[in-house]
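Everything below concerns the one structure shown next.
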Amino acid sequence: MSHTSRLRRNPGTFRQLTGITPAVFDRLLAELEPRHRVAEAKRKTRRPRQRKAGAGPKHTLDLADRLLMLLVYSRTYTTHAFLGFLFGLDDSNVGRNMNPLQPLLAGLFRIPERRVELEPGEIRELFFDATERPIPRPTRGQKTYYSGKKKRHTVKHQVVVVRKRKTPGRAGQKGRVRIAAVSGMFPGKTHDKKVYDRTRVVGPPGVKRTGDTAYQGTGLETPTRRPRGGVLTARQKAGNRRVSKRRIVVEHGIGKMKVWRIAGERYRNRRRGHTLMMKNVAGLHNRMFG
């Protein structure tokens with residue numbers, strides 16, 4: 001019996017270990033299989049080759065178990081040695097089984113960096129925020145990656161979130177959000193406003209954009225910042241509460257992305273793969289919560 005079949009017997013544990021339900025996993029696997037066949041055929045026919053196509057060692061795990069292993073890794077961010085123990089592989093083979101699936105998932109999720117499009121049933125407002133996560137101290141460019149806010153070396157991404165309208169007549173329905181865009185990676189020292197200016201997000205015309213006080217001067221609707229040595233008026237405080245009440249959805253979206261611990265804990269992998277990882281986590285979020 002495969003690891004996937006055995007874990008599917010307990011849906012609660014399946015979600016705890018992967019972050020998604022078995023039903024979402026099955027749909028994701030069905031969409032991934034044809035893309036994987038095409039990618040494998042392309043890989044086997046590329047030149048130069050020293051062996052006949054199809055020669056060489058085969059994967060011990062089938063595609064379902066390889067996808068399961070990648071999801072468990074993203075959800076728990078455990079070591080390759082522990083994953084190899086769980087799935088019966090040497091730790092050196094864990095990456096060979098998981099890494100080829102990352103770009104295939106990115107092709108499925110198609111999370112943009114700049115161009116945001118609204119789907120039917122979504123409120124015409126974009127919510128912006130940046131999220132930071134720690135990294136090991138770089139050997140070069142330490143000052144660039146040092147965040148004065150976090151007091152450690154970090155990388156950050158700008159996340160754009162949209163809200164979905166609630167279905168009329170369904171009392172107690174929770175609001176749903178979708179991660180509409182994830183920017184490229186920026187060093188932790190980069191200010192949120194500079195990230196916004198460099199990203200140049202393109203959205204539908206006439207759509208309102210909202211952010212926190214870090215986005216002042218960008219044209220986004222932001223809360224009023226208290227002047228140095230001054231106080232806010234009652235009207236300004238009420239306005240800030242209204243903005244914060246709407247803007248909280250971006251905090252909820254980023255918080256749910258960090259259900260997958262690979263997006264929240266100190267990032268141990270190579271930085272060049274961080275943007276791809278964040279986009280895939282955003283795609284998993286949308287499949288599960290969007």
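The values are calculated or read from the model by the stated rules, or taken from the named source; none is laboratory data. None of these values were measured; they are calculated from a predicted model. Please note: Cβ atoms are built from the backbone with ideal geometry, for glycine as well, and neighbour counts cover all protein chains shown.
Of note, Phe25 satisfies the criterion of being under 17 Å from Asn286 (Cα atoms), touching a Phe, Trp or Tyr at 6+ places or on another chain (Cβ under 8 Å), outside the structural domain of Ile262 (by TED's automatic domain parsing) and in a helix (DSSP H, G or I).
Conditions tested, residue by residue: (1) assigned to a loop (DSSP other than H, G, I, E, B); (2) farther than 27 Å from Tyr267 by Cβ; (3) of a type in the set (S, T, N, Q); (4) under 25 Å from the mean Cα position of the chain (by Cα).
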{"residue": "Gln50", "(1), (2), (3), (4)": "yes, yes, yes, no"}
{"residue": "Gly56", "(1), (2), (3), (4)": "yes, yes, no, no"}
{"residue": "Leu68", "(1), (2), (3), (4)": "no, no, no, yes"}
{"residue": "Val72", "(1), (2), (3), (4)": "no, no, no, yes"}
{"residue": "Phe82", "(1), (2), (3), (4)": "no, no, no, yes"}
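Scanning segment 217-261 for residues that are of a type in the set (Lys, Arg) and farther than 24 Å from Arg163 by Cβ yields a total of 5. If I filter segment 229-242 for residues that are of a type in the set (Gly, Ala, Ser), surrounded by 13 or more Cβ atoms within 10 Å (Cβ to Cβ) and more than 23 Å from the chain's Cα centre (by Cα), do I get at least one hit? Yes, because at least one residue in segment 229-242 is of a type in the set (Gly, Ala, Ser), surrounded by 13 or more Cβ atoms within 10 Å (Cβ to Cβ) and more than 23 Å from the chain's Cα centre (by Cα).
Conditions (1) within 25 Å of Val182 (Cβ to Cβ); (2) surrounded by 14 or more Cβ atoms within 10 Å (Cβ to Cβ), marked per residue:
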site	(1), (2)
Ala30	yes, no
His36	yes, yes
Arg43	no, no
Leu61	no, yes
Leu67	yes, yes
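Just the residues that are out of contact with any Leu (no Cβ under 9 Å at 6 or more places or on another chain) and not in a loop (DSSP other than H, G, I, E, B), please, taken from segment 39-48. Of everything in segment 39-48, those that are out of contact with any Leu (no Cβ under 9 Å at 6 or more places or on another chain) and not in a loop (DSSP other than H, G, I, E, B) turn out to be Glu40, Ala41, Lys42, Arg43, Lys44, Thr45. The conditions of being at pLDDT below 95, under 30 Å from Val159 (Cα atoms) and not aliphatic (A, V, I, L, M) are not met by Arg66. Take the conditions (1) touching a residue at least 60 places away in the same chain (Cβ under 8 Å); (2) part of a loop (DSSP other than H, G, I, E, B); (3) closer than 16 Å to His252 by Cα; Pro204 misses just one of them, which is (3). Every condition in (1) farther than 14 Å from Gln158 by Cβ; (2) exposed (fewer than 13 other Cβ atoms within 10 Å of the Cβ) is met by Val207 except one, and the failing one is (2).
I'd like to know if segment 222-236 contains one or more residues that are in a helix (DSSP H, G or I) and either polar (S, T, N, Q) or closer than 27 Å to Arg152 by Cβ (or both). Within segment 222-236, one or more residues are in a helix (DSSP H, G or I) and either polar (S, T, N, Q) or closer than 27 Å to Arg152 by Cβ (or both).
Does Pro34 satisfy the criteria of being outside the structural domain of Ala263 (by TED's automatic domain parsing), modelled with pLDDT of 90 or more and over 22 Å from the mean Cα position of the chain (by Cα)? Spelling it out, Pro34 is indeed outside the structural domain of Ala263 (by TED's automatic domain parsing), modelled with pLDDT of 90 or more and over 22 Å from the mean Cα position of the chain (by Cα).
Just one of (1) farther than 24 Å from Arg114 by Cα; (2) loosely packed, with under 12 Cβ neighbours inside 10 Å; (3) among the basic types (Lys, Arg) fails for Arg200. It is (1).
Screening segment 87-185 for helices (runs of 4 or more DSSP H) wholly inside it with 3 or more residues that are surrounded by 12 or more Cβ atoms within 10 Å (Cβ to Cβ) and among the aliphatic types (A, V, I, L, M) returns the ranges 101-109. Could you say whether any residue in segment 243-255 is under 20 Å from Asp212 (Cβ atoms), among the hydroxyl-bearing types (Ser, Thr, Tyr) and in the same structural domain as Pro134 (by TED's automatic domain parsing)? Within segment 243-255, one or more residues are under 20 Å from Asp212 (Cβ atoms), among the hydroxyl-bearing types (Ser, Thr, Tyr) and in the same structural domain as Pro134 (by TED's automatic domain parsing).
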